[in-house]
Amino acid sequence: MLAAFLGGLVVGLIGVLVSALGIEFYYDPYAYLALAVVVGATASGSGWALLTTFLASASTVVAAMGGSALRGDLNFEAIGGTSTGLNLVVAQLVALGLLAYLSRRRDSWGDLGAGVVSGLLLADVIDRATPGGVDFDRAFWPASAIAVAALAVVAVFLLRRTMAGRARAAAVAVVVAGLLTLALHAL
């Protein structure tokens, strides 16, 4: 529990430093997502996954807000843009942590959890790298997009133990990424 809290503080403070340098597209939101996945995947139970992922997310938000205030920027919506967006980001991080915990199961539910985690990351990469996407960012392509997409694919291999589980999780990831990409571009 303490490690999750301290990890969130460290990730949040590094995020403030990176944003001060103007290169946050390499870090935000993927470091926060990676923290949620690691905390959720290493939890000892579903309740612990919920609690520790929430603590890591909350401490990340507190560190980002505190770091922004120390720089003289009293924008307390440092993550998410608005108070509603902030709540949505914390909810998404907790949900991602719970999916990462689900991926530890040795059955098809574990394959589903790992596939959804990877698919969500891939859909975000596709959205940010594709012109016309909701969060399109020219600076994101090609180096950042390729690096994050590779990490999303590697996540399947790290979260699943068998080749059959990895193949099922990869199939789920492709379906989730495709459906979310279609939905985002339909907006």
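The values are calculated or read from the model by the stated rules, or taken from the named source; none is laboratory data. Since this is a predicted model, take the numbers as computed values, not measurements. Cβ placement follows ideal geometry from the backbone for every residue including glycine, while neighbour counts extend to all protein chains displayed. Heavy atoms of the whole protein, side chains included, go into the accessibility calculation; ligands, DNA and RNA do not. Shrake-Rupley method; radii C 1.70, N 1.55, O 1.52, S 1.80 Å.
A few comments on the model shown:
- Net charge of neighbours whose Cβ lies under 12 Å from the Cβ of Phe136, counting Lys and Arg as +1 and Asp and Glu as -1: -2
- Among Val39, Val176, Val18, residue whose mean-square fluctuation peaks in a GNM of the chain (springs only between Cα atoms under 10 Å): Val18
- Cβ-defined net charge surrounding Asp127, 10 Å radius [Lys, Arg +1; Asp, Glu -1]: -2
- Relative contact order for the stretch 66-148: 13 percent, from Cα pairs under 8 Å spaced at least 6 residues apart, divided by residue count.
- Report summary: the helix-based calculation at 222 nm, which adds -39500 (n - 2.57) for every DSSP H run with n ≥ 4 and divides by the residues of the chain, gives -26000 deg cm²/dmol.
- GNM remark for the chain: springs join alpha carbons under 10 Å apart, and the peak mean-square fluctuation among Val116, Val89, Val156 falls on Val89.
- Sum of side-chain charges, Leu180 neighbourhood, beta-carbon under 14 Å (Lys, Arg +1; Asp, Glu -1): -2
- The chain - accessible surface per residue (Å², probe 1.4 Å): 52
- Here is the P(r) of the chain: all C-alpha pair distances, binned every 10 Å from 0, give 10, 34, 38, 16, 2, 0 in whole percents.
- Label point at Leu6 placed 7 Å out along Cα→Cβ; residues across the stretch 57-73 whose backbone nitrogen lies under 17 Å: 57, 59-60, 63
- Distance between the stretch 23-66 and the stretch 131-187 - C-alpha centres, whole angstrom: 19
- Each of Leu17, Leu159 has its accessible area taken with a 1.4 Å probe; listed largest first, they run Leu17, Leu159.
- If you run the Gaussian network model on the chain, springs between alpha carbon atoms under 10 Å, then out of Gly66, Gly97, Gly47 the most flexible one is Gly47.
- Relative contact order (%) - criterion: Cα under 8 Å, at least six apart; region: the chain: 21
- Gain upon complete extension [Val134, Thr82; 0.36 nm per residue less C-alpha separation]: 17.0 nm
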